[in-house]
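The values are calculated or read from the model by the stated rules, or taken from the named source; none is laboratory data. Here the structure is a predicted model, which is why all the values come from computation and not from measurement. As a convention, Cβ positions derive from the backbone with ideal geometry for all residues, glycine included, and neighbour counts pool all protein chains shown.
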């Protein structure tokens, strides 16, 4: 039985990845930061029905000693680093924390792997936000990076740290440059969940408007359930490497909103309000990924369409809100 250690296991990607690995008969450990809200932190694992099948251990990306103990005690075959301060907007408000957790935290974990378990295969969750002010219309593994937020800068530090440890110490360390990926498990602060939850609230009668910032930004959106498969596939390869994971289709936030409103039979024009205070200090105007390398070397292709994903999210939010109001 293979063993895997997942940081960020209580997040969207961590929960879906844990489910995938359990289906493949892995023993799954999850690193969790101790907090006073620990009893509600496993809500995503519970939603997937796997909370009692993973083993949670205490640790923190800012505490190298705890990382060394976690790696030493679990002896994992595969380590997936999905933990981060991952909300772009918050990174401007908390740049130092974001840099420490999302950037230096990767280096802390890599060092723990080097010292305690150098034979383990390592996955780093890199981000399309690293491309920022895009240098090429379509982004590949060879496209230069131009980060436009503290979050993206921190992700770039973690990305290059992973490359450096691969080349310096021979670790089987891979990075997935994942473009936007969503699901019903996405946090409410992210624009897709904000939209699907907002649309559900309007449909049920709990709200009248959906307030957003820049709705002309374009993103390449996929489903997290598809993207965690790519993470696993990377660590099954003989040689480590970096891979863009994307759908190859970009749409505006406005178009994504329209899909959500269409699900419930409402008009976007009747309910969408543009709020200038929600604009970012520096915007990433367009992201569009080319995952040809992953297609050819990993045999990976996205299976769930944007329309199917948004429908799933709207319906899940409708159910959440209906069940909550019924109590």
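Of the residues in the range 111-134, not one is in a helix (DSSP H, G or I) and either on the phi > 0 side of the Ramachandran plot or modelled with pLDDT under 95 (or both).
Taking the range 14-97 and the strands (runs of 3 or more DSSP E) fully enclosed by it, the elements with 3 or more residues that are surrounded by fewer than 22 Cβ atoms within 10 Å (Cβ to Cβ) are at 55-58.
Here the condition is being more than 25 Å from residue 90 (Cβ to Cβ) and surrounded by 19 or more Cβ atoms within 10 Å (Cβ to Cβ); of 235, 212, 297, it holds for 235 alone. Restricting the range 245-277 to residues that are in contact with a helix residue (DSSP H, G or I) (Cβ under 8 Å, 6 or more places away or on another chain) and assigned to a strand (DSSP E or B), the residue that is surrounded by the most Cβ atoms within 10 Å (Cβ to Cβ) is 245. A single member of 168, 161 is without any contact (Cβ under 8 Å) to a residue 40 or more places away in the chain and assigned to a helix (DSSP H, G or I), and it is 168. Determine which single condition residue 149 fails, assuming it passes every other condition in (1) under 15 Å from residue 130 (Cβ atoms); (2) touching a strand residue (DSSP E or B) at 6+ places or on another chain (Cβ under 8 Å). Single failed check for residue 149: (2).
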